[in-house]
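In what follows, a structure is listed as structure tokens, so that the remarks can point back to it.
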Amino acid sequence: MSLPPGFLDELRTRSSLSQVVGRKVVWDARKSNQGKGDMWAPCPFHQEKSASFHVDDRKGFYYCFGCHAKGDAISFVRETENVGFMEAVEILAREAGMPVPKRDPQAQEKADKRGDLSEVMELAVRWFRLQLKTAAAEEARAYLARRGLDAGALERWEIGFAPDAWQGLWDALKGKNISDDLILGAGLAKPSSKGGKPYDTFRGRIMFPIRDARGRAIAFGGRAMDPNDNAKYLNSPETELFDKGRSLYNVKEARVAAGKGQSLLVAEGYMDVIALQQAGFEAAVAPLGTAITENQLAMLWRIDPEPIITLDGDTAGQRAALRLIDLALPLLESGKSLRFVMMPEGQDPDDLLKSAGKGAFQKLVDGAVPMVQLLWQRETEGRVFDSPERKAALDKALREKIMLIKDPSIRSHYGQEIKDLRWKLFRPQGGERRPTARSGGKWQAAPQGPSPTTKSSVLAAGTDPRMTQHLREAVILAAFATCPQIIEDFESGLEMMVCADPTHRALRDVLLRHAHQDPTRMREKISEVLGPDALENLLSQRHVAITPCIRHPGDREMASLTVAEELAKLEAARGLDAEIAEAMEDLSGVADEGVTWRLSEAARAAELASRSGHEDTAEYDRGDNGADINKDERSRLDKLLGTIKFDKSKR
């Protein structure tokens, strides 16, 4: 409807936003200043205890600093009352004592026709209900009884029956002087292609009236009684009253129940909705035989910010859930999402309620999974990621899906959740190492240090390898904790750190999960998981505190060099351990020179790695006494001596 210029401005001026909002909230007396029209309350659009919902009564706008909901009096009524724009205008106009302008002639004519069509639909509802009581509907009544629908349920849902006759409803409506155009326009009959009388759209079917959010009959769904019928369920064709992609079965009653606190459940069919309602789940709706559309999703979110999709546990139900993910991702907003319940294989909600009862179904609803988990399941279920290429393909597919999300905050949280799930899938398991050719490709337990027979060998001489590994891990973890920006560059190396120390392992996991955080937020995350003193205890250890990147926190280049060097040393040590383990395995048989050579090469590589960054690169001169003199040190000494003035009188 087109409203005259200035009408909405006057309506907003006459309507006190604080009064409109005040019916839905309790104002915070400490923060609010009624004299200035500055009002605060807990937000009515999301669950919270603090007063983050602000109303500026003078400007006529509201804004929530938590969920970012905003708008004026009209949008507030639309969202809280679940009504359309014109209905919200009419509600506010009635309260403000303002008559709503009459529609223009064309709009009035169209509205009058819609009213006539609605009256015809109501006549059809009554006629179908009468037919259900006839002898021709005996089989239909028996079927409904088997499905658990008693007389009260038939009355509640206004279920009827369409006899298997070509012009049964047509003749009945014509007998009431209903014009052909209205019967055809309501989708109750179709014109004959052979020039005869129009014929009924529904024949030999159990009839379910479909009503809109205002309770008006706009269409029918018919369930075929003939098992050989090609269309088990048939909906009315689209008309001026009925737009399949913008309608939901049981939307009016579900909206009322959701307003009382029930979770909105989305099932697939009429019988599922009826079964749910009878079991006490009154906030249940169903799309009308098709996949959920963007408009239907918007309707669901107006009723409940997080509807629960209850899909049949068959292949078709799973496909529908996965299609819905792709539809919903670009539309996600703060506080608006979806959760999913997958029924046991081969069952729908009606089947489960009958076989296991309300408690079993409630348990499934309580365990509904968020959409991000279903997205992950879709991309990983039944697949093996045993190569870098397959892992990269998974990363690419998930990245493409996440980039569909327009809201940057939600996109960031989805990325973090996917990162957590990926880490759980690919994280190194404690006490494991890579398979080797010598071990036949089987995973073996990581060596816990030299065996008694090798402790005295040259390979095991010096510091205990386990202690050395512990010290290097501490330096690496400290560098990452103080400069988390570099984690992305060394993520695979961090993932491969076995970390025998439980504290180190826990810290590694925190770093991997929250790699995108800045240093301050990283410290907070570490404190949340490991305690307030965990990081300080690590940084105060002597071998950590003297590390250059710790003494200069935030120096990305220095931190990167430190981590790269220490990871290389750990990798070399792991390689040496592997060679020792394999050599010991070989020595149980016939020893040969190959074993000795492999051990010596591994030891040399480990020695070079351990000396990395510590080799003496100074240049020396030979002194008169034959001793080596560092050129730099000698130069500095000569310079110092040149600055000293000697007193000749004391010579």
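The values are calculated or read from the model by the stated rules, or taken from the named source; none is laboratory data. Note that the structure is predicted; figures quoted are calculated from it, not measured. Every residue, glycine as well, gets a Cβ built from its backbone with ideal geometry; the counts of neighbours run over all protein chains shown.
Remarks
- Of all the numbered requirements in (1) assigned to a helix (DSSP H, G or I); (2) within 18 Å of the chain's Cα centre (by Cα), Glu306 misses one, and that requirement is (1).
- Taking the range 398-408 as the range and being at pLDDT 90 or above, surrounded by 14 or more Cβ atoms within 10 Å (Cβ to Cβ) and not β-branched (Val, Ile, Thr) as the test, the residues that pass are Leu398, Lys401, Leu404.
- Qualifying residue in the range 224-236 (condition: at negative phi, part of a strand (DSSP E or B) and over 38 Å from the mean Cα position of the chain (by Cα)): yes
- The sole residue among Ser540, Ser492 that is modelled with pLDDT under 80, of a type in the set (Gly, Ala, Ser) and in the same structural domain as Val563 (by TED's automatic domain parsing) is Ser492.
- Residue satisfying condition, being surrounded by fewer than 17 Cβ atoms within 10 Å (Cβ to Cβ), part of a helix (DSSP H, G or I) and more than 36 Å from the chain's Cα centre (by Cα), within set Gly196, Gly245, Gly152: Gly152
- Every pair of residues 6+ apart whose Cβ atoms lie under 7 Å, when the first sits in the range 339-354 and is without any contact (Cβ under 8 Å) to a residue 40 or more places away in the chain while the second is assigned to a loop (DSSP other than H, G, I, E, B) and β-branched (Val, Ile, Thr): none
- Filtered by the rule that a residue be of a type in the set (Val, Ile, Thr) and not in a loop (DSSP other than H, G, I, E, B), the range 15-31 gives Val20, Val21.
- Taken over the range 352-364, the criterion of being surrounded by fewer than 17 Cβ atoms within 10 Å (Cβ to Cβ) and on the phi < 0 side of the Ramachandran plot is satisfied by Lys354, Ser355, Ala356, Lys358, Gly359, Ala360, Gln362, Lys363.
- Tally, over the range 248-288, of residues that are in a loop (DSSP other than H, G, I, E, B) and within 17 Å of Phe340 (Cα to Cα): 9
- Single match in Leu265, Leu276, Leu300 (criterion: without any contact (Cβ under 8 Å) to a residue 60 or more places away in the chain and either on the phi > 0 side of the Ramachandran plot or crowded, with 21+ Cβ neighbours inside 10 Å (or both)): Leu300
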